[in-house]
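Enquirer: First the structure, then my questions, so here it is.
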Protein chains: 2
Amino acid sequence: MKLKFPGEDHLYLQVAEGVEKMIGDDILRIGDKLPSVRMLSKEHGISMGTAFQAYYHLEGKGLIESRPKSGYYVRFNPRRFADLPQQIDPGPTPIEKVTNQDMVMEMISRMTSHEIMNFALASPSIELLPAAKLSKSVMHALRADQHHCLQYEHAQGNPELRKQIAKLSFNWGGKIKPEDVLITSGCMEAVVMALRAVTTAGDTVAVECPSYFGIYQVIESLGLKLIEIPTDPVTGIDLDGLEQAISKHSVAACLLVPNFSNPSGSCMPDDRKRKLVQLLTQKNVPLIEDDIYGEMYFGRQRPRTCKYFDTEGIVMYCSSLSKSLAPGYRVGWIIPGKHMARVSTIKMIHSISCATVTQQALAHFLSIGRYEYHLKNLRKALHTQCLRYTQAIMQYFPEDTRISRPQGGFVLWIELNKHINTYELCVEAMKHQISIAPGSIFSNNANYSHYMRIGYGKPWSDKVDKGLKTLGNLVKKMS
Amino acid sequence: MKLKFPGEDHLYLQVAEGVEKMIGDDILRIGDKLPSVRMLSKEHGISMGTAFQAYYHLEGKGLIESRPKSGYYVRFNPRRFADLPQQIDPGPTPIEKVTNQDMVMEMISRMTSHEIMNFALASPSIELLPAAKLSKSVMHALRADQHHCLQYEHAQGNPELRKQIAKLSFNWGGKIKPEDVLITSGCMEAVVMALRAVTTAGDTVAVECPSYFGIYQVIESLGLKLIEIPTDPVTGIDLDGLEQAISKHSVAACLLVPNFSNPSGSCMPDDRKRKLVQLLTQKNVPLIEDDIYGEMYFGRQRPRTCKYFDTEGIVMYCSSLSKSLAPGYRVGWIIPGKHMARVSTIKMIHSISCATVTQQALAHFLSIGRYEYHLKNLRKALHTQCLRYTQAIMQYFPEDTRISRPQGGFVLWIELNKHINTYELCVEAMKHQISIAPGSIFSNNANYSHYMRIGYGKPWSDKVDKGLKTLGNLVKKMS
């Protein structure tokens with residue numbers, strides 16, 4: 001392994017960011033030749049290696065390209081993004097019957113095939129995950145545990161894993177203790193238990209619009225009503241709208257994805273998170289915070305969580321390792337604040353505990369620092385993929401296509417010409433072995449039938465490129 | 001490995017059973033000397049080895065004992081069991097509020113300590129489980145799966161595991177196809193999903209009395225009412241009582257443990273199972289059949305299941321590997337009959353899928369025949385432990401103690417003098433580092449305060465002997 005001096009990691013990034021800024025400011029334009037590597041090295045007083053690294057980084061992001069025997073050229077201007085998708089008002093009335101169930105189930109049944117080019121998923125490609133090292137942690141767990149992982153785990157979850165998860169919360173400034181954490185079978189079980197703990201059938205839950213289709217399904221399956229609150233594609237849920245909803249209707253809980261919401265990609269600025277928590281504390285409404293994408297940020301710093309601003313224990317924080325490390329291990333957690341006792345009871349009654357071996361393996365993986373290391377690589381890869389997919393969509397799709405600009409997570413939220421029905425597009429695309437998630441499944445009330453979600457969890461390849469090109473052509477045909 | 005000829009396995013058992021019958025019929029009495037091994041071999045025309053094996057088997061069961069330099073003597077007469085515990089009528093009215101919650105939670109919190117002599121559990125000791133071979137199957141799964149078990153498993157469960165579970169149903173005459181099976185996180189999740197699929201809050205569920213405390217907790221947590229049906233300690237639920245309850249009240253589902261019910265140990269005879277299924281089919285009431293103990297039978301043949309008699313798909317069969325193979329793996333299943341679509345949806349919405357690695361490991365373990373082999377040993381061990389514990393309780397407890405005679409499973413159901421409060425006994429026993437399950441937690445309506453449940457999952461040892469002796473002395477003091 002190469003020795004790394006502190007700050008060296010930063011140097012090439014600093015240089016790359018300088019070049020990126022010049023492209024953004026139109027000082028360097030698309031097609032312009034960049035200074036040679038030797039020149040860059042001289043100008044900045046850096047080694048040739050660092051100069052190369054800076055260009056590799058920009059090339060990875062798709063911003064520049066190397067032309068054989070000629071050097072590096074500007075390829076893409078990240079400031080020249082397509083317009084953002086527009087916000088749609090879902091209307092102010094709670095809904096009792098969720099109607100998009102059938103479409104979702106049909107879509108999911110299609111998604112199972114491994115043959116297809118699957119843009120419908122919001123999760124990482126397996127090749128981005130540290131498979132061999134995780135397997136080693138499993139073997140370590142089997143050897144190290146005196147009961148060979150055969151014993152039931154504590155209902156609240158493996159103590160070492162809870163300690164590691166408490167440590168993870170440092171990343172967003174949290175002061176969480178291991179006893180504040182309860183391990184669940186993925187984030188979805190955490191959300192279900194949170195809802196069960198603070199609602200009963202017939203209650204109303206406030207959600208973002210658009211929201212992840214799984215949230216609508218859970219709410220319906222628990223016999224709850226829902227009210228959708230308009231949500232800005234950049235800054236998240238409309239706080240005034242939420243306040244009005246709470247005043248007018250009896251809202252039993254609020255269920256949000258404040259960081260890199262799915263599908264819109266919005267990330268609530270921290271001061272809005274603070275206001276949200278203040279509002280809900282004042283109104284005595286529990287906030288179920290789904291932070292499953294929080295660690296997959298592209299910027300310099302992890303966004304804070306609502307839990308960070310929670311002084312009274314009203315935030316029930318839910319997350320998992322399914323999107324960032326090991327989907328098939330089914331390990332998530334909840335930090336349920338003042339509702340811990342109720343959540344513990346529900347967990348114990350309904351499934352006793354989660355699998356022992358996966359919990360112990362992940363506890364080991366996290367405790368030796370491998371997770372933080374992996375996350376750094378994953379974030380870079382996802383950022384690159386996000387830009388690459390965006391560029392390709394801008395290139396292949398009609399000009400009036402609007403694309404979200406997520407600063408983290410796995411998905412692009414795309415608005416097409418309003419005459420295009422993305423469910424029909426979905427059916428057409430399937431004939432070409434391509435799957436997408438049609439917009440209609442992300443709301444029950446607002447009309448997102450000309451929207452769609454594209455997941456960029458799969459690393460860039462010719463096959464991905466071809467898939468997006470085909471999709472673009474289908475859209476053009478339907479225009 | 002030693003070669004085994006077909007039938008050889010039977011020979012020593014045949015001889016042992018002959019001796020056992022003579023003891024039972026009082027032809028051989030307690031203290032009588034048995035024929036020498038040489039004599040036995042000659043008389044039956046069997047090898048010395050087989051004769052030894054027959055005596056070892058009887059010694060393991062605690063029926064005979066070897067005295068140094070003297071030979072084998074009759075030690076215990078299995079026909080001279082204590083009286084059976086009595087049935088208590090819970091009364092005919094559905095109950096809305098389950099009241100024993102606090103006692104259960106308190107008891108469970110006590111059970112977590114590994115230091116104590118734990119008679120409160122209804123599960124096998126880890127030393128009875130094939131730990132090393134299971135670990136090998138985990139490693140095999142990690143190597144064999146192209147995605148290293150990182151991918152989400154099918155929502156319905158790993159196909160190979162479902163195939164193996166379908167094959168397991170041959171044991172009770174079932175004709176189950178892999179697509180009839182859905183994998184769950186243990187049997188409890190299966191039961192919860194079955195209840196969710198066929199009931200809504202406010203509905204009434206019929207259960208045995210006594211029933212496993214977890215069943216009361218689940219029913220309460222789902223906002224359901226319950227009606228307890230009198231249950232015979234040998235033949236199970238009273239069918240007339242059940243029919244009356246269904247006629248008088250609107251019963252949405254019936255939730256039973258027909259094979260080796262917990263705590264009573266009752267096993268419904270097959271013809272009663274048939275009648276039960278006919279009755280429920282006719283009344284259109286779904287039967288949730290918890291068969292978690294079905295494979296742990298002591299007799300020559302596995303008892304049938306209600307599912308076997310189910311022609312219309314009304315039986316929702318639930319089971320798991322948690323009691324027989326790998327508690328910490330959290331793998332169970334449901335065969336939900338005509339309710340499959342609803343159950344599948346609930347599973348997918350609430351937890352997406354179960355952990356991949358544990359499913360694939362168990363699929364491998366079952367597919368190479370290791371489970372059947374392990375079960376044979378486990379059954380023998382449990383039968384022996386059951387007899388040993390029974391004998392010790394008869395020896396150490398007051399004469400009026402009544403003890404169940406389970407033909408399978410993990411627990412003895414014990415009735416003490418009715419002036420004794422087993423919750424107080426439980427508190428006293430805890431001071432001696434011994435835990436038991438007090439009778440009160442196994443019903444909401446009937447008064448089982450002088451009953452208790454003793455688990456015999458731990459192999460016989462001096463420590464177990466001492467624990468039961470201490471317990472007996474405590475009971476005597478309280479008499």
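The values are calculated or read from the model by the stated rules, or taken from the named source; none is laboratory data. Treat the numbers as computed from the prediction; the structure is a model and nothing was measured. Glycine also receives a Cβ, built like all others from the backbone with ideal geometry; neighbour counts cover every protein chain displayed.
Enquirer: Considering each of A:K338, A:K283, A:K347 in turn, give the residue that is over 19 Å from A:G173 (Cβ atoms), at pLDDT below 95 and among the charged types (D, E, K, R).
Expert: A:K347
Enquirer: Please go through the range B:366-377 and give me each residue that is surrounded by fewer than 20 Cβ atoms within 10 Å (Cβ to Cβ) and not aromatic (F, W, Y), ordered by number.
Expert: Hits for the range B:366-377 are B:S367, B:I368, B:G369, B:R370, B:E372, B:H374, B:L375, B:K376, B:N377.
Enquirer: Can you tell me which residues in the range B:289-302 are outside any strand (DSSP E or B) and either in contact with a strand residue (DSSP E or B) (Cβ under 6 Å, 6 or more places away or on another chain) or surrounded by 23 or more Cβ atoms within 10 Å (Cβ to Cβ) (or both)?
Expert: Within the range B:289-302, B:D291, B:I292, B:Y293, B:G294, B:E295, B:M296, B:F298 meet the criteria.
Enquirer: Another one. Could you grab me the full set of residues in the range A:384-411 that are of a type in the set (A, V, I, L, M, F, W, C), out of contact with any Leu (no Cβ under 8 Å at 6 or more places or on another chain) and farther than 19 Å from A:R75 by Cβ?
Expert: Scanning the range A:384-411 gives a single hit, A:V411.
Enquirer: Applying the selection to the range A:209-224, what residues are touching a residue at least 40 places away in the same chain (Cβ under 8 Å), of a type outside the set (G, A, S) and surrounded by 22 or more Cβ atoms within 10 Å (Cβ to Cβ)?
Expert: A:C209, A:P210, A:Y212, A:F213, A:I215, A:Y216, A:Q217, A:I219
Enquirer: Any chance you could count how many residues in the range B:25-51 are surrounded by fewer than 15 Cβ atoms within 10 Å (Cβ to Cβ), within 34 Å of the chain's Cα centre (by Cα) and in a helix (DSSP H, G or I)?
Expert: Result for the range B:25-51: 1.
Enquirer: Checking A:K431 against (1) among the charged types (D, E, K, R); (2) over 23 Å from A:I292 (Cβ atoms); (3) modelled with pLDDT of 95 or more, only one condition comes out false. Which one?
Expert: In the conditions (1) among the charged types (D, E, K, R); (2) over 23 Å from A:I292 (Cβ atoms); (3) modelled with pLDDT of 95 or more, A:K431 misses (3) alone.
Enquirer: Going through the range A:440-465 one residue at a time, which ones are more than 30 Å from A:L256 (Cα to Cα) and exposed (fewer than 15 other Cβ atoms within 10 Å of the Cβ)?
Expert: A:S461, A:D462, A:K463
Enquirer: Additional query: Show the residue pairs meeting these rules: Cβ distance below 7 Å; 6+ apart or different chains; first residue within the range B:149-163 and over 20 Å from B:M193 (Cα atoms) and assigned by TED's automatic domain parsing to the domain that holds B:I335; second residue surrounded by fewer than 19 Cβ atoms within 10 Å (Cβ to Cβ) and among the β-branched types (V, I, T).
Expert: Within 7 Å, the pairs are B:L150/A:I126; B:Q151/A:I126.
For (1) charged (D, E, K, R); (2) under 23 Å from A:L134 (Cα atoms); (3) under 24 Å from the mean Cα position of the chain (by Cα), each residue gets a yes or a no:
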{"site": "A:S319", "(1), (2), (3)": "no, yes, yes"}
{"site": "A:L325", "(1), (2), (3)": "no, yes, yes"}
{"site": "A:I334", "(1), (2), (3)": "no, yes, yes"}
{"site": "A:G337", "(1), (2), (3)": "no, no, yes"}
{"site": "A:R342", "(1), (2), (3)": "yes, no, no"}
{"site": "A:T358", "(1), (2), (3)": "no, yes, yes"}
{"site": "A:A361", "(1), (2), (3)": "no, yes, yes"}
{"site": "A:R379", "(1), (2), (3)": "yes, yes, yes"}
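Enquirer: Read through the list (1) touching an Asp or Glu at 6+ places or on another chain (Cβ under 6 Å); (2) modelled with pLDDT under 95, then give the number of the only condition that A:F298 fails.
Expert: (1)
Enquirer: Condition check: closer than 30 Å to B:H374 by Cα, surrounded by fewer than 24 Cβ atoms within 10 Å (Cβ to Cβ) and within 16 Å of the chain's Cα centre (by Cα). Does B:V234 satisfy that?
Expert: For B:V234, the condition - closer than 30 Å to B:H374 by Cα, surrounded by fewer than 24 Cβ atoms within 10 Å (Cβ to Cβ) and within 16 Å of the chain's Cα centre (by Cα) - is met.
Enquirer: Looking only at helices (runs of 4 or more DSSP H) that fall completely inside the range B:89-175, which ones have 1 or more residues that are modelled with pLDDT of 95 or more and facing chain A (nearest Cβ under 10 Å)?
Expert: B:131-144
Enquirer: Restricting to helices (runs of 4 or more DSSP H) lying wholly in the range B:313-418: which have 3 or more residues that are away from chain A (no Cβ under 14 Å), under 30 Å from B:E127 (Cβ atoms) and out of contact with any helix residue (DSSP H, G or I) (no Cβ under 7 Å at 6 or more places or on another chain)?
Expert: B:370-396
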